[in-house]
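Okay, structure first, notes after.
The values are calculated or read from the model by the stated rules, or taken from the named source; none is laboratory data. The structure displayed is predicted, hence computed values, not measured ones. All Cβ positions, glycine included, derive from the backbone under ideal geometry; neighbour counts span all protein chains shown.
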Amino acid sequence: MNDQPPLLRVSGLKKSYGPAEVLKGISFDLKKGETLSLIGPSGSGKSTCLRCLNFLEKPQAGEVLLGTERIGQRPDRKGGWRLMSDTEMAPQRREIGMVFQLFYLWPHLTVRDNVALASIKAAGMRRDEAHALAEEMLEKVHLRHKADAYPEQLSGGQQQRVAIARTLAQKPQLILFDEPTSALDPELVGEVLGVIRELAEEGRSMILVTHEIRFARDVADRVIFMEGGHIVEEGPAAQVINQPRMERTRSFLGQVG
Ligand code: ADP
Ligand code: MG
């Protein structure tokens, strides 16, 4: 089992916007079934890193392997690599689900239709099958009873759970969460974290960017602390958060927690 290749292998990712180098060579692995939490100060490059994993942002250097498949790049005729087009990349993007701070639900569609839409449009599933799958996924986020409601009838926490169900319906191999509770009123954070915890316990493979440090310690298997486009420290969640080795990690944790 230990000799299994990682589900995700990220090596040497670099990303600049103009002269500003935002990712300065990021490398890490994720095993199947593992939950990794990415923490660090605002502006350290966490969101950029997540977006580079599925090539929503194009890194200038580095590679991302999901299983044995190279994400976002194809061999070219000269023995190098070329960027894939968005069309070529669409099947890969379905393997890497993403949950954002804001939920981006369609206001004119019911909860069921919001969750089913991509299955019908992108995966070509039959409408009745897509609806059955949507209801199954809504059950996982404890919102099956809201299938006929419209987003505006739901709380922010419920809307984020619908967005999670929508991502689950994609049946991704890996789920990326970018501060999924940051836009929520404090009393709604717990229900969303509760769902994420259940997914972690189910053995999903996930990367979670969060400011909820205690949650990261309790739920993640490993934690990466990033600052200034570098990985400063990486290790088992309890070790990084309770006994950080690096002074920078200690001072960040002192400020947030
Ligand atoms: P974090 O998620 O850790 O707060 P980000 O990845 O969002 O950090 O941003 C890292 C740095 O990159 C910040 O300085 C931010 O201003 C800059 N940045 C992010 N996206 C862009 C962009 N599209 N164009 C220019 N600069 C950007
Ligand atoms: Mg961010």
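Yes or no: the stretch 193-201 includes at least one residue that is more than 16 Å from ligand 2 (Cβ to nearest atom), touching a residue at least 24 places away in the same chain (Cβ under 8 Å), closer than 22 Å to Arg94 by Cβ and in a strand (DSSP E or B).
No, the conditions are met nowhere in the stretch 193-201.
Looking at (1) assigned to a loop (DSSP other than H, G, I, E, B); (2) at pLDDT 90 or above; (3) more than 20 Å from Ile26 (Cβ to Cβ), which is the one condition that is false for Leu117?
Evaluating Leu117 over (1) assigned to a loop (DSSP other than H, G, I, E, B); (2) at pLDDT 90 or above; (3) more than 20 Å from Ile26 (Cβ to Cβ) leaves (1) as the failure.
Pick from the stretch 10-44 the residues that are touching a Cys at 6+ places or on another chain (Cβ under 9 Å) and within 14 Å of Val232 (Cβ to Cβ): which of them is surrounded by the most Cβ atoms within 10 Å (Cβ to Cβ)?
If we take residues in the stretch 10-44 being touching a Cys at 6+ places or on another chain (Cβ under 9 Å) and within 14 Å of Val232 (Cβ to Cβ), then Leu38 is surrounded by the most Cβ atoms within 10 Å (Cβ to Cβ).
Is there any pair linking a residue in the stretch 133-155 that is under 16 Å from Thr167 (Cβ atoms) to one that is buried (at least 16 other Cβ atoms within 10 Å of the Cβ) and of a type in the set (Ser, Thr, Tyr), with Cβ under 9 Å and at least six apart or on different chains, and which?
Going by the 9 Å Cβ cut-off, the qualifying pairs are Leu133/Ser119; Ala134/Ser119; Met137/Thr167; Pro151/Thr110.
For the list (1) within 28 Å of Ile196 (Cα to Cα); (2) in contact (Cβ under 8 Å) with a residue 24 or more places away in the chain; (3) in a strand (DSSP E or B); (4) more than 16 Å from ligand 1 (Cβ to nearest atom), I need the number of the one condition that Pro5 fails.
Condition not satisfied by Pro5: (3).
For every residue, the table says whether it meets (1) under 14 Å from the mean Cα position of the chain (by Cα); (2) more than 16 Å from ligand 1 (Cβ to nearest atom); (3) assigned to a helix (DSSP H, G or I); (4) not acidic (Asp, Glu).
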| residue | (1), (2), (3), (4) |
| --- | --- |
| Gln160 | yes, yes, yes, yes |
| Ala163 | yes, yes, yes, yes |
| Pro172 | yes, yes, no, yes |
| Glu191 | no, yes, yes, no |
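Can you pull out the residues in the stretch 52-66 that are within 16 Å of ligand 2 (Cβ to nearest atom) and either in contact (Cβ under 8 Å) with a residue 40 or more places away in the chain or part of a loop (DSSP other than H, G, I, E, B) (or both)? Even if it seems obvious, please write down each step before you answer.
Here is the first cut: in the stretch 52-66, the ones within 16 Å of ligand 2 (Cβ to nearest atom) are 52-54, 56-57.
Selection gives Leu53, Asn54, Leu56, Glu57.
Checking the conditions here, which among Ser27, Ser11, Ser47, Ser16 is polar (S, T, N, Q) and within 16 Å of ligand 2 (Cβ to nearest atom)? Show your work before the answer.
Numbers: Ser27 fails: within 16 Å of ligand 2 (Cβ to nearest atom); Ser11 fails: within 16 Å of ligand 2 (Cβ to nearest atom); Ser16 fails: within 16 Å of ligand 2 (Cβ to nearest atom).
Just a single option satisfies the conditions, and that option is Ser47.
Identify all residues within the stretch 226-251 that are assigned to a strand (DSSP E or B) and touching a Pro at 6+ places or on another chain (Cβ under 8 Å); write none if there are none.
Just the residues of the stretch 226-251 that are assigned to a strand (DSSP E or B), to begin with: 226-227, 230-236.
Those that are assigned to a strand (DSSP E or B) and touching a Pro at 6+ places or on another chain (Cβ under 8 Å): Glu227, Glu233.
Taking Gly228 and the conditions (1) surrounded by 20 or more Cβ atoms within 10 Å (Cβ to Cβ); (2) within 16 Å of ligand 2 (Cβ to nearest atom), which numbered condition does it fall short on, given that it satisfies the others?
Single failed check for Gly228: (1).
Kindly evaluate Glu136 against the criterion of being more than 17 Å from Trp106 (Cβ to Cβ) and more than 16 Å from ligand 1 (Cβ to nearest atom). Don't jump to the end; show me each part of the working.
Values: more than 17 Å from Trp106 (Cβ to Cβ): yes; more than 16 Å from ligand 1 (Cβ to nearest atom): yes.
The answer is yes for Glu136.
Which condition number does Trp106 fail, the rest of (1) touching an Asp or Glu at 6+ places or on another chain (Cβ under 7 Å); (2) part of a loop (DSSP other than H, G, I, E, B) being met?
(1)
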